[in-house]
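Data block below; observations after.
The values are calculated or read from the model by the stated rules, or taken from the named source; none is laboratory data. These numbers were taken from a predicted model, which means no experiment stands behind them. Cβ atoms come from the backbone with ideal geometry, glycine included; neighbour counts cover every protein chain shown.
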Amino acid sequence: MAGARVEVRISGHIKKDDFVKVIAGKDRGKQGKVVRVFPKEKRITVERINMIKRHTRPTQKMQQGGIIEREGKIHVSNVMLVCVKCERGVRIGHKYLEDGKKVRICRRCGEVLDK
């Protein structure tokens, strides 16, 4: 089908600076803070999770070449948001407050997860 539009659904339940727990993959069970979100790819970067080694050569910008270790991207389906009150990975829901603001809530205890 020529000219068919492909719509990408962006998952917005995980945001930058959220505290998440990895539920699948080589780093399962580890927790960390979300550093960066890639909504169109449905991937995130979590500090000290999915560390990869990149072999780089010296350039004008980086005088020192060698092996650089940094965080790789991880799919959002492989993480769960951590509730402050429950202190564990939880499913989330959405709720509107009295002032009309939409917030994320913990499905387990009902705690508001947005600051």
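Could you please find all residues in segment 29-55 being in a strand (DSSP E or B) and either of a type in the set (A, V, I, L, M) or more than 10 Å from the chain's Cα centre (by Cα) (or both)?
Restricting attention to segment 29-55, the residues satisfying the condition of being in a strand (DSSP E or B) are 31-38, 43-46, 51-55.
Within segment 29-55, 31, 34, 35, 37, 44, 46, 51, 52, 53, 54, 55 qualify.
Among the residues of segment 26-40, those that are closer than 17 Å to residue 70 by Cβ and not aliphatic (A, V, I, L, M) comprise 26, 27, 30, 32, 33, 36, 38.
Here's the yes/no breakdown for (1) of a type in the set (Asp, Glu); (2) at pLDDT 95 or above:
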| site | (1), (2) |
| --- | --- |
| 7 | yes, no |
| 19 | no, yes |
| 61 | no, no |
| 87 | yes, no |
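The criterion of at least 1 residues that are β-branched (Val, Ile, Thr) and loosely packed, with under 11 Cβ neighbours inside 10 Å is met by the following strands (runs of 3 or more DSSP E) wholly inside segment 56-115: 66-71.
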